Amino acid sequence: MTALPGHSAGSRRAFLAGAAAAVAAPAAFAVLGAASPASASTAVGCPSTGYAPVPPGSLGPALNANGYFAGQINGNLYWVTDSFYQAMFLTTRDGVVLIDAPPTIGRNLLRAIDAITSANGMPSTVTHLVYSHSHADHIGASSLFDSDVVRIGHVENLRLLLRDDDPNRPPPTVTFEDRYVLEVGGEVLELAYHGPNQTPDNIFVYAPAHQTLMVVDILFPGWAPFKSLGIAQDIPGWIGAQDVAMGYPWTTLVGGHLGRLGTRADGLTQIQYIADLQASTRAAIASVDPTPYFQQYAPNAWAIFKAYLDAVSTQAAAPVIAKYTGVLAAADVYTFLNAAAMLDSLRVDTGDLGPFGDHP
């Protein structure tokens, strides 16, 4: 794993461990090698930044001395987090199936797998690596694993990784279009593609025996979605993917980000957040008059549109921030950018152009 410029690998690990520890809190998950958690009965504030406190229920378990938490989900299914990213793995009698390899977790994936397989008596060799999607922040540690590991992804995943030509993300050796059932050592994973959403290749990974769904960058348990609606490339597809996710009969969600697992209540809360944001944005489109921005900035067309779009996004975000502060962590951090992304999508994907519709 490459160290940050000007930093040793050891100092990089210390930085990530310290940063993650600052956002970690206890949770009721089985753990191997975790540090003893400190109690967290009140929200964790950000006094130097002015952001709203983080609700304690949004935080995950404490990390161990190496900067990670490894916990059992159910049976032979486990997860790993550094409080920023997550991976999931199945231990089987024939080897380990790993889903994603985030580089911030990096070699801690190997430590977690070794610790858990040593405890449960399963082989520690990773035989299969499933790519949720092509983004480097989720699979950029794939190169830590041998070339003979079977890498599995959607056909679009193969195209994107061949295009990117990144040695840290070897292309998948097995691809599928709609469905793929992976059976290893008596365990089963159901892989499915439901169309483009956050990326053109993002898939759903379901472990039916464990009632667990892993879908990355779609639902953010306990938190407002990451900026610009998870930087989704297809926002209508991303919004629809939330409903697709809730259509699976899961009880546990691995969302790929942050420090804790998700519940069905988390999914419903985010869906309501998005519905509120969409309604608020539509209302702002209908009510914000662009005339003052034409008067102030003409003939600078980009300045006119920036001022107008910022005003609509600000008005749309305000009631959503007020409603979800204290409910979803960081609702005050990214809701403006989420409203801006929603505004752009409503304009170009649904034709809700407001005052910039057909000229009379």
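Tabulated results
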quantity: Relative contact order (%) - criterion: Cα under 8 Å, at least six apart; region: the chain; calculated: 14 percent
quantity: Added length on full extension, which subtracts the Cα-Cα distance from 0.36 nm per residue, PHE84 to ASP166; calculated: 27.3 nm
quantity: Cβ-defined net charge surrounding PHE176, 12 Å radius [Lys, Arg +1; Asp, Glu -1]; calculated: -4
quantity: Summed residue charge, Cβ within 15 Å of ARG159's Cβ, Lys/Arg positive, Asp/Glu negative; calculated: -3
quantity: Highest-MSF residue in the chain out of LEU189, LEU90, LEU268 [GNM, Cα springs under 10 Å]; calculated: LEU268
quantity: Net charge of neighbours whose Cβ lies under 14 Å from the Cβ of ALA224, counting Lys and Arg as +1 and Asp and Glu as -1; calculated: -2
quantity: Long-range amide H partners of HIS257 with built H, under 5 Å; calculated: GLN86, ASP217
quantity: Computed [θ] at 222 nm, helices only, for the chain once each DSSP H run of length n ≥ 4 contributes -39500 (n - 2.57); calculated: -12000 deg cm²/dmol
quantity: Fewest-first sequence of PHE69, PHE305, PHE145 by Cβ atoms within 10 Å of each Cβ; calculated: PHE305, PHE145, PHE69
quantity: Farthest toward positive dipole pole in the stretch 253-335 [+1 Lys/Arg, -1 Asp/Glu at C-beta], among LEU309, LEU261, PHE294; calculated: LEU261
quantity: Answer label, with Cα Rg over 2.2 N^0.38 Å calculated from the coordinates and candidates [x] 1.10; [y] 1.05; [z] 1.15; calculated: [y]
quantity: Of the DSSP H helices in the chain, those whose Cα atoms cover at least 24 Å axially and whose Kyte score averages 0.5 or more; calculated: 301-324, 331-349
quantity: The chain - charge dipole about Cα centre, Lys and Arg +1 at Cβ, Asp and Glu -1, debye rounded to 20; calculated: 880 debye
quantity: Cα centroid separation - the stretch 55-117 against the stretch 287-352, whole Å; calculated: 38 Å
quantity: Fewest-first ranking of PHE356, PHE220, using other Cβ atoms within 10 Å as the exposure measure; calculated: PHE356, PHE220
quantity: GNM flexibility winner over the chain from ALA70, ALA136, ALA224 (Cα, springs under 10 Å); calculated: ALA136
quantity: Ranked list, fewest to most other Cβ atoms within 10 Å of each Cβ, for TYR131, TYR334, TYR180, TYR68; calculated: TYR180, TYR334, TYR68, TYR131
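Read the figures in this text as sums done on the coordinates, not as results from a lab. Just so it is clear, the structure is predicted and the values come from calculations on it, not from any experiment. Note that each Cβ is placed from the backbone with ideal geometry, even for glycine, and that neighbours are counted across all protein chains shown.
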